[in-house]
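Written out below as structure tokens is the structure these notes cover.
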Amino acid sequence: MPKVGMEPLRRKALIDATISAIGERGTLDVTMSEIAGRAGVSSALAHHYFGAKDELLAATMRHLLSELLMDTTAALRLAETPRARVSAVISVNFSDKQFRSETIAAWLAFYVEAQKSPALRRLLRIYARRLQSNLMSGLGRLLPHGEAERVAEATAALIDGLYIRRALRDGIPNAASAVALVEDFLETKLSQVSPKP
């Protein structure tokens, strides 16, 4: 394989190894050496691609955001009604790809680290804005604007809260029960509020 083609593969391997290491430890307290070993490359090569560990952590979070964005965009394209758009956003967040133990642990660790890291805090704000916007793409057509914003914010909080609760448990994440909880909340809110004229 040409040398040029190896860099994206190695960068991806290092990001996957970072998610795996964080998932196993439940913390960002992992070393570049440990991550490089999991990825099957040298520490020197990991530093060459990412510089300091903080850069690798930020790249890993950008990768998680990018995958979530691609999955959400694809799901929204298939949604034919405003209500289906909201369900699509919820389903993507609890999909097999997104709601894996190591991914959940990585998100929780990033939330904790964002209290100290402006770069990670900025990335979390991007995530929060996208989630709100994606939920509003459906709710904004179902409810008056102010109520739609409140329901979108509460739905986003439920999604995030279920990730946190899942990170504190052992075993395989139960995506179906998480989706059902969020959908029950939405149905309750939609039945209580007058629809948008």
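The values are calculated or read from the model by the stated rules, or taken from the named source; none is laboratory data. All values derive from a computational prediction rather than experimental measurement. Quick reminder, even Gly has a Cβ in these numbers, built from the backbone with ideal geometry, and neighbours come from all protein chains shown. Surface areas here come from the heavy atoms of the whole protein model, side chains and all, with no ligands, DNA or RNA. Shrake-Rupley method; radii C 1.70, N 1.55, O 1.52, S 1.80 Å.
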**Report entry** Residues (at pLDDT 95 or above and out of contact with any Phe, Trp or Tyr (no Cβ under 6 Å at 6 or more places or on another chain)) located in the stretch 159-180
**Finding:** I159, A180
Requested in this report: Filter the stretch 14-53 down to the residues that are open to solvent by 20 Å² or more (accessible area, probe 1.4 Å), within 21 Å of the chain's Cα centre (by Cα) and polar (S, T, N, Q), then identify the one that is modelled with the highest pLDDT.
Outcome: S20
Query raised in the report: So which of R125, R121, R100, R130 is closer than 30 Å to L14 by Cβ, open to solvent by 30 Å² or more (accessible area, probe 1.4 Å) and at pLDDT below 90?
Result: R100
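Listed here are the residues, each with its yes/no results for (1) touching a residue at least 24 places away in the same chain (Cβ under 8 Å); (2) over 30 Å from V151 (Cβ atoms); (3) in contact with a helix residue (DSSP H, G or I) (Cβ under 7 Å, 6 or more places away or on another chain).
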| site | (1), (2), (3) |
| --- | --- |
| A17 | no, yes, yes |
| A52 | no, yes, no |
| R77 | no, no, no |
| S95 | yes, no, yes |
Query raised in the report: Does the stretch 151-166 contain any residue that is open to solvent by less than 30 Å² (accessible area, probe 1.4 Å) and free of Cβ contacts under 8 Å to residues at least 12 places away in the same chain?
Result: yes
Query raised in the report: Is it the case that some residue within the stretch 64-73 is over 26 Å from L168 (Cβ atoms) and either crowded, with 17+ Cβ neighbours inside 10 Å or not hydrophobic (A, V, I, L, M, F, W, C) (or both)?
Result: yes
Query - Residue, farthest from A105 (Cα to Cα), within the stretch 21-44, restricted to residues that are out of contact with any helix residue (DSSP H, G or I) (no Cβ under 7 Å at 6 or more places or on another chain) and of a type outside the set (G, A, S) - result: T31
Query - Close pairs (7 angstrom Cβ cut-off, 6 or more residues apart or separate chains): farther than 9 Å from A17 by Cβ and assigned to a helix (DSSP H, G or I) in the stretch 34-47, modelled with pLDDT under 90 and open to solvent by 60 Å² or more (accessible area, probe 1.4 Å) anywhere - result: L45/R10
**Report entry** Neighbours by Cβ (under 6 Å, 6+ apart or cross-chain): first from the stretch 117-142, under 28 Å from D29 (Cα atoms) and in contact (Cβ under 8 Å) with a residue 60 or more places away in the chain; second open to solvent by 20 Å² or more (accessible area, probe 1.4 Å) and assigned to a helix (DSSP H, G or I)
**Finding:** L120/E113
Query raised in the report: How about the stretch 54-63: which of its residues are open to solvent by 30 Å² or more (accessible area, probe 1.4 Å) and free of Cβ contacts under 8 Å to residues at least 60 places away in the same chain?
Result: E55, H63
Report summary line: Taking the stretch 54-75 and keeping residues out of contact with any helix residue (DSSP H, G or I) (no Cβ under 8 Å at 6 or more places or on another chain) and polar (S, T, N, Q) leaves S66, T73
**Report entry** Pair list, Cβ < 8 Å and 6+ apart or interchain, from the stretch 173-197 residues that are within 15 Å of V89 (Cβ to Cβ) to residues that are modelled with pLDDT of 95 or more and basic (K, R)
**Finding:** L190/R83
